[in-house]
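*Asks:* There's a structure below that I have some questions on.
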Amino acid sequence: MTMTQDTSGPRPVPTLEMVAALAGVSRATVSRVVNDSPSVDPELAQSVKRAILALDYTPNRAARSLATRRANTVTLIVPESTSKVFADPFFASVVQGIALYLTDTDYTLNMVISSESKPEKTRGFLLGGNVDGVLVVSHHSGDHSWTHLSGSLPMVFAGRPLVGGGESYYVEADNEQAAYSATRLLTDAGRKHVATIAGPQDMPPGLDRLAGWRTAVREAGLGEGLTEIGDFTLASGARAMHRLLDRGKPIDAVFAGNDQMAAGAYTAIQGRGLSIPEDIAVVGFDDDSFATSVTPALTTVHHPIIELGRKMAEILVNLIEGKPAERVTRMPTSLVVRDSA
């Protein structure tokens, strides 16, 4: 009887040792190349990389995590309801920016949509060795647990924390100055009764954009102006605009704290038979998809949201890896003048 060896079985999984043998280098050299060490001679590094490609070798992430004490994962926390997160283009743009930066790193991104009503589960996950750092977006003054975690994990916020944020790292637009400029556009155009639909007053953007509007109307000699508060949603903008109109006081312009609320104001204004901008001019904030989906197209503040997310991720990775990082970063904004003002 003739016996032959069966070669149809699965191919052996490539190992670090196999890469080293093919490249003609030591196992330690391969490890340094895999971990992007700058100490390897460039020609040797190229030989190792060719061997990795030839063998289709994939580094053992579990082993690397044990060696570096890193999970190679960062978590984005959004303490909002799921319905709000998926309805607001702001969050999608932030995630896009974060993902764009992390593409060229070893880190993967996961996302936790969580309110402060049951923070224990989220805190346990974050402190259980599952992640290397945390990004927090859309936090409120009552979201204390995320701020307190900054002593245990590298953490970067979108906007300054309102509680215990003295040493926090954060990235934000200059919301107050941008809102001031947007309101001055209205007052400089001769509008005399400029109201505002402000965002939540337990969030930095809501507070700062209201402050910018208030400074501009006072400087223009328009008194205190009319104010209503929304929650950055379309429906809240419509409700707030109806409340403003129901006061029976003159209004010839509105600055809304974001484009969603501005779009909501459109429905109230136009539903009352009034025209934009002839009767009431409207200016928003963000320059997202809502700004160009309404008629007339919305004049607004361009907020570089994708770049904000990218910058947050860059700072967090630097903190994780012990590199220098800016504690406070303010993103530039600009006015985009369209047809509503």
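What follows is calculated from the coordinates using simple rules that are stated; it is not laboratory data. Remember, it's a predicted structure, so these values are computed and weren't measured experimentally. Cβ placement follows ideal geometry from the backbone for every residue including glycine, while neighbour counts extend to all protein chains displayed.
*Asks:* Let me check the size of region 175-304 from its C-alpha atoms; what are the radius of gyration and Dmax in Å?
*Replies:* Rg and Dmax of region 175-304, Cα atoms, are 12.7, 37 Å.
*Asks:* Further question on the same structure: Size of the dipole of region 175-304 about the Cα centre, Lys and Arg at +1 and Asp and Glu at -1 on the beta carbon, nothing else charged, in debye to 20?
*Replies:* Details: 11 positive and 16 negative charges, 86 e Å.
Once rounded to the nearest 20, the dipole reads 420 debye.
*Asks:* Given the options I315, I77, I113, which has the most mean-square fluctuation in a GNM of the chain, springs set between C-alpha atoms less than 10 angstrom apart?
*Replies:* I113
*Asks:* With all distinct Cα pairs included, what does the Kirkwood hydrodynamic radius of the chain come out to in Å, to one decimal, could you say? Before the final figure, lay out the partial values.
*Replies:* Details: mean 1/r = 0.0437 Å⁻¹.
Result for the chain, one decimal place: 22.9 Å.
*Asks:* To continue, here is another question. Ratio of alpha-carbon Rg to the 2.2 N^0.38 Å globular estimate for region 263-341, to two decimals, please.
*Replies:* Compactness ratio reported: 1.55.
*Asks:* Further question: Using Cα springs under 10 Å in a Gaussian network model of the chain, which residue among A313, A291, A21 shows the largest mean-square fluctuation?
*Replies:* Largest GNM mean-square fluctuation: A21.
*Asks:* Right, next: What whole number of Å gives the distance from the Cα centroid of region 297-330 to the Cα centroid of region 226-254?
*Replies:* The two parts, judged by their Cα centres, are 31 Å apart.
*Asks:* Among V328, L162, V33, which residue has its Cα positioned farthest towards the positive end of the charge dipole of the chain, with +1 placed on the Cβ of Lys and Arg, -1 on the Cβ of Asp and Glu, and the dipole taken about the Cα centre?
*Replies:* My answer, from the dipole projection, is V33.
*Asks:* Based on the alpha carbons, how large is the Rg to Rh ratio for region 16-59 when Rh follows Kirkwood? Before the final figure, lay out the partial values.
*Replies:* Details: Rg = 8.8 Å, Rh = 9.9 Å.
So for region 16-59, dividing Rg by the Kirkwood Rh gives 0.90.
*Asks:* Run the dipole for the chain about the Cα centre, Lys and Arg Cβ at +1, Asp and Glu Cβ at -1, nothing else charged, and hand back the magnitude in debye, nearest 20. Don't skip to the end; give the middle numbers.
*Replies:* Numbers: 31 positive and 38 negative charges, 92 e Å.
In debye, rounded to 20, the chain gives about 440.
*Asks:* Please report the antiparallel percentage of the DSSP beta bridges confined to region 197-341, to the nearest 5.
*Replies:* Values: 3 of 13 bridges.
The antiparallel proportion sits near 25 percent.
*Asks:* Then there's this: I need to check one value: relative contact order of region 16-59, counting alpha carbon pairs closer than 8 Å and at least 6 residues apart, in percent.
*Replies:* Numbers: 35 pairs, mean separation 20.1, N = 44.
Across region 16-59, relative contact order equals 46 percent.
*Asks:* Here is a follow-up. Within a Cβ distance under 13 Å of V19, other residues only, what is the Lys/Arg minus Asp/Glu net charge? All intermediate terms of the calculation are to be shown ahead of the outcome.
*Replies:* Details: positive: R27, R32, K49, R50; negative: E17, D56.
It works out to a net charge of +2.
*Asks:* Now for a separate question. Using a 10 Å Cβ count of at most 15 others and DSSP loop calls, identify the longest part of the chain lacking such trypsin sites (Lys or Arg not before Pro).
*Replies:* Numbers: sites that count: R69, K192, R247, R272, R327.
Result, exposed sites excluded: 70-191.
*Asks:* For the residues E17, E314, what sequence is obtained by ranking on other C-beta atoms within 10 Å, fewest first?
*Replies:* Working: E17 11, E314 21.
Ordered by Cβ neighbours within 10 Å, fewest first: E17, E314.
*Asks:* Counting alpha carbon pairs within less than 8 Å and at least 6 residues apart, what relative contact order, in whole percent, applies to the chain?
*Replies:* Details: 635 pairs, mean separation 53.6, N = 341.
This gives 16 percent for the chain.
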